[in-house]
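Notes for the one structure printed next.
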Amino acid sequence: MDTIDGHLPFTPDAVRAFDGPLPHIGTGELNAYAAQAALQFKRKVMSPALLSGIWRIVEFMLLLSVAATIYVAHVAPVSPDHLRYLWPSVLGAGLGVAAIQLGQGYEIGFLRSRSRQVMRVTLAWGAALAVLAVVLFFAKVTDDVSRIWLASWFALGTVCLGIGRLVLSANIRRWARNGVMERRAVIVGGGQGAEALIRGLEMETDSDIRICGIFDDRGDRRSPPLVAGYPKLGNIRELVEFARLAHVDMLIVTLPLTAEKRVLSLLKQLWVLPLDIRLSAHATQLRFRPRSYSFIGDIPMLDVFDRPLADWDWIAKRIFDLVFASVAIVLLAPLMALAALAVKWDSKGPAIFRQKRHGFNNQVIEVLKFRSMFHEQSDPAAAKIVTKGDPRVTRVGRFIRKTSIDELPQLFNVILGQLSLVGPRPHAVYAKSSGNEAFVEIVDGYFGRHKVKPGITGLAQIEGYRGEIDEPEKLKKRVEYDLRYIENWSVLLDLKILFRTPLSLLKTEHAY
């Protein structure tokens, strides 16, 4: 067997840098069969990773509640001292969760099982309380903490953890049967590779993967319409549209890894989707270093792209958006009221203007803006770019566009979940440069910037790339910064961009 110990040829940078021939995959329509399947998978499901994180919090609170209950029932009537028992309770509950985590007790396959749970969780919980007892000893407070309280906490905590996990296990199995909790995967490439992968996944009794179908550009002779009971839903172009309609989590490519150019060509088309992209190494003759693999059960995969802002990252960003957008709406309400009055005073027509723009995963959304053009000359489709001295722009419109006050109503888009405070700016659906070139024709992989929600401000904007696109290089730099933001996102980066935005608005030479 061949062994590859060097640099993987299918890294994200290698995929984006690939300049081989690519078929065009613009917006296409699904065949009726694939469209019907997409509707079947349109409903969102519970993420196993999210459930695992939530269960950590549940067990921490459960152990803390048990400690408090025993304290109130046994200790408080005799010698009440809340603070003396507070920190051991919090520390012990935290140690319990950490010990279960170290024993891989929050892996979804383990949570699904029944027989393995009780013994391992009991041992982990016992080890946690043993560590707590050592801490109490060195803190010289062992005489101040009731041994009955500690022993009862271990016994009752064990019972509660066991019952809770048995109930959770039964629910996980029910949710899996009902399609409430699963990871949905689409297989790219049919034939023997897909069949070997499907058979391998079917042998994984604890697998949470649900296969939604197969997509392949090859004809039925090389890629049968039915593989191991799963239908071929269409070609790669249709897959892009399918992934934008259905709620899919993962693409698994089963093409031979030895066909490097073909695999790179395929990945170049698919990396713009906000999904995990994996290469199946199940039946390949190549062998990579062990750390190159991730696993679904015992099935080895090569990770190429990870979905940005998944699970807890998504929750953290959503909380960030809701908190800061709500505060901004309250603080900026007087300014928005004045802007609306000025727009109405300056020209006839509504103060608010709606424009269709590309949102997350290339979906079309309507963003709100203060109207900056004469009502009869408004351009909802942005068919004509706004240029310096544009006669369509009103007097008030010039000011609010330069200062970005016209963007403030988009705070309500943030509250509705259509935009984020920080992210790639949402371009108009038919956005073109001043040279009348569509943005998608200027930058290869342009739609990759839609892997996260667009934002009111972004990294490209604070670096000076806002306003008119009068030359291709400006759009390329804007997309470059957008992709850099997506790949390096953090709450701290969002805060940095947010606080630098007012300073960046002082540079208005390209904002018309």
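Numbers at a glance
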| item | result |
| --- | --- |
| Residues that are free of Cβ contacts under 8 Å to residues at least 60 places away in the same chain and basic (Lys, Arg), drawn from region 226-267 | 232, 262 |
| Meets criteria (at pLDDT 85 or above, farther than 29 Å from residue 254 by Cα, in contact with a Lys or Arg (Cβ under 7 Å, 6 or more places away or on another chain) and not assigned by TED's automatic domain parsing to the domain that holds residue 243) for residue 103 | yes |
| Hits in region 114-171 - residues which are without any contact (Cβ under 8 Å) to a residue 24 or more places away in the chain, among the charged types (D, E, K, R) and within 29 Å of residue 50 (Cβ to Cβ) | 116, 120 |
| Residue check, residue 449 in contact (Cβ under 8 Å) with a residue 24 or more places away in the chain, closer than 21 Å to residue 315 by Cα and in contact with a His (Cβ under 9 Å, 6 or more places away or on another chain) | yes |
| Number of positions in region 303-355 that are within 30 Å of residue 252 (Cα to Cα), assigned to a helix (DSSP H, G or I) and not basic (Lys, Arg) | 5 |
| Number of positions in region 398-419 that are touching a strand residue (DSSP E or B) at 6+ places or on another chain (Cβ under 9 Å), more than 21 Å from residue 464 (Cα to Cα) and not in a loop (DSSP other than H, G, I, E, B) | 4 |
| Candidates 131, 167 - the one that is of a type in the set (Val, Ile, Thr) and touching a helix residue (DSSP H, G or I) at 6+ places or on another chain (Cβ under 9 Å) | 131 |
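The values are calculated or read from the model by the stated rules, or taken from the named source; none is laboratory data. Bear in mind the structure is a predicted one, so any value in this text is a computation, not a measurement. Please note: Cβ atoms are built from the backbone with ideal geometry, for glycine as well, and neighbour counts cover all protein chains shown.
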